Amino acid sequence: MVFSVVNTDMETDKKMQTQVELTDSDLSEQIKAVTKDSHVRAENTELMLAYQRGNVSLTQYKLLLCSLYEIYQALEEALDNNSNHPSVAPIYFPLELARLESVERDLEHFYGQDWREKIVVPAATKIYAHRLRQIGKDNPEYLVAHAYTRYLGDLSGGQVLGRITQKSLGLKGGEGLSFFSFPGVSSPNLFKQLYRSRMNSIELEEEERKGMLEEAVRAFELNIQVFDDLQKMVSVTERESELMHTTTRNRCTRHTSTHSKLADGEKLTVRSLQIQTSLVNASPLFRMVLGICVALATVGMGIYAF
């Protein structure tokens, strides 16, 4: 089902792409032009709107980190394997841009040392990772489109998203926020200029350039699908959490009610014993009458038994 949605979107965007005249303009500008509509759609997904409103839940962020781990693991593995490729080498900046270790630190912060056993990702994330590994083997030049989309997006909006996440979740000291930190980049703006310049220096045949532009559109579509599937997972997870909370609360209420009833019963028993004791101790006459009654009852039981 997810595959059909992605393929349908891709066919639509490919038609749109063919309407954009391929010229000798910069590759970075061409990618920006053909992905304009997809970019807007990505920003208007429910997950990204939550970020824009500054209303990010811990569930949303943790599940996002899980998907980012899968995506960057595939992307950086493919980039490392093709670092000497003529199209990849100019934009290969592992020291400045690599995100995998940062995501791993954040996952360990939230899930503990056994985080690898706990992470979950939607089908769309696995499809995205599969695509990255596929082009890493078959069309390494297409990695440029994915690297540009991911890394420059992280550099452009990462600082803002990091502050929103920190404020929304009340995180202190940068713990759990390593993904948004680029210690190897002193000036994001200057670095982005360098990155675009390196991209624009890549020599491509017309068909290669056309394929890369289509792959840039695909990259956005894959991200949109991931965002949508993540939000569905968030909704399910939060509903299950609320259900568990409600069940626990009801159990506690029933336990308290039962305990209260038992306490009331104990109070009645104590009160009854107190009344009986007071009656027994009331007067010598009462004790004498009680003794006669007990004696008569004993004699009666003996006669009945006989």
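The values are calculated or read from the model by the stated rules, or taken from the named source; none is laboratory data. Quick caveat: nothing in here was measured; it's all calculated off a predicted structure. Positions of Cβ are generated from backbone atoms using ideal geometry, with glycine treated the same way; all protein chains shown enter the neighbour counts. Ligands, DNA and RNA are stripped out before the accessible areas are found, and what is left, the full protein with its side chains, is counted by its heavy atoms. Shrake-Rupley method; radii C 1.70, N 1.55, O 1.52, S 1.80 Å.
Of the listed requirements (1) over 19 Å from Asp26 (Cβ atoms); (2) out of contact with any His (no Cβ under 9 Å at 6 or more places or on another chain); (3) open to solvent by less than 10 Å² (accessible area, probe 1.4 Å), Met212 misses just one: (1).
The set of residues from the stretch 72-85 being outside any loop (DSSP other than H, G, I, E, B) and touching a residue at least 40 places away in the same chain (Cβ under 8 Å) comprises Tyr72, Gln73, Ala74, Leu75, Glu77, Ala78, Leu79, Asn81. Confirm whether Glu21 is over 14 Å from Glu215 (Cβ atoms), out of contact with any Cys (no Cβ under 6 Å at 6 or more places or on another chain) and either modelled with pLDDT of 90 or more or not acidic (Asp, Glu) (or both). Answer is no for this residue. Say whether the condition of being open to solvent by 60 Å² or more (accessible area, probe 1.4 Å) and touching a helix residue (DSSP H, G or I) at 6+ places or on another chain (Cβ under 8 Å) is met by at least one residue in the stretch 62-74. Taking every residue of the stretch 62-74 in turn, none turns out to be open to solvent by 60 Å² or more (accessible area, probe 1.4 Å) and touching a helix residue (DSSP H, G or I) at 6+ places or on another chain (Cβ under 8 Å).
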